[in-house]
1. Quick one: Cα centre-to-centre distance for the range 40-57 and the range 1-37, in angstrom?
2. If you fit an axis through the alpha-carbon atoms of helix 10-21 and take the longest principal axis of the Cα set of the chain, what angle between them do you get, 0 to 90°, nearest 10?
3. May I ask you to evaluate 6.51 cos²θ - 1.76 cosθ + 1.60, the Karplus curve with θ = phi - 60°, for each residue of the range 30-40 and list the ³J(HN,Hα) values in order in whole Hz, giving x for glycine and proline?
4. If you take every residue apart from LEU62 with its C-beta less than 10 Å away from the C-beta of LEU62, what net charge results, scoring Lys and Arg +1 and Asp and Glu -1?
5. When the helices in the chain are scored as -39500 (n - 2.57) per DSSP H run of 4 or longer and the sum is shared across all residues, what 222 nm value do you end up with, to the nearest 500 deg cm²/dmol?
6. Just to confirm a number: summing +1 for Lys and Arg and -1 for Asp and Glu over residues other than LEU28 whose beta-carbon lies under 9 angstrom from that of LEU28, what do you get?
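Quick note: the coordinates plus some simple rules give every number you see, no bench work behind them. Since the model is a prediction, treat every value here as computed from it, not as a measurement. Glycine also receives a Cβ, built like all others from the backbone with ideal geometry; neighbour counts cover every protein chain displayed.
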Amino acid sequence: MKLYSYHRSSAAYRVRIALNLKNISHTLIPVNLLKNEQTQSSYTNKQPQGLVPCLETKDGRLLAQSGAILQY
Ligand SMILES: N[C@@H](CCC(=O)N[C@@H](CS)C(=O)NCC(=O)O)C(=O)O
């Protein structure tokens, strides 16, 4: 799995906590909010809202919204 994340994002942080508590292996992909990387098409193609976090599953599904990701 890949988690698109920013280290100072509380929403992304709660997903990182859950992934680590569940021992789910994942790769962190940094999206630098201070550099507005969340607005670049390379990211909005995955997460059209331009918000972190976004979870990409092994089969390529893209999940947005930390609460929904936690539920998943
Ligand atoms: N309700 C969303 C909130 C996500 C959110 O607001 N993320 C912020 C960082 S904590 C963000 O990506 N902000 C970028 C921006 O506003 O341009 C969730 O829980 O995932």
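1. One Cα centre to the other: 12 Å.
2. Orientation of helix 10-21: about 30 degrees from the principal axis.
3. Ordered by residue, 3J(HN,Hα) equals x, 10, 7, 5, 5, 9, 6, 5, 5, 9, 7 Hz.
4. On the way: positive: LYS2, LYS46, ARG61; negative: GLU56.
Surrounding charge for LEU62 is +2.
5. On the way: 3 runs with 22 residues, N = 72.
One gets -8000 deg cm²/dmol as the mean residue ellipticity at 222 nm.
6. On the way: positive: LYS2, ARG16; negative: none.
After counting each charged neighbour, the total is +2.
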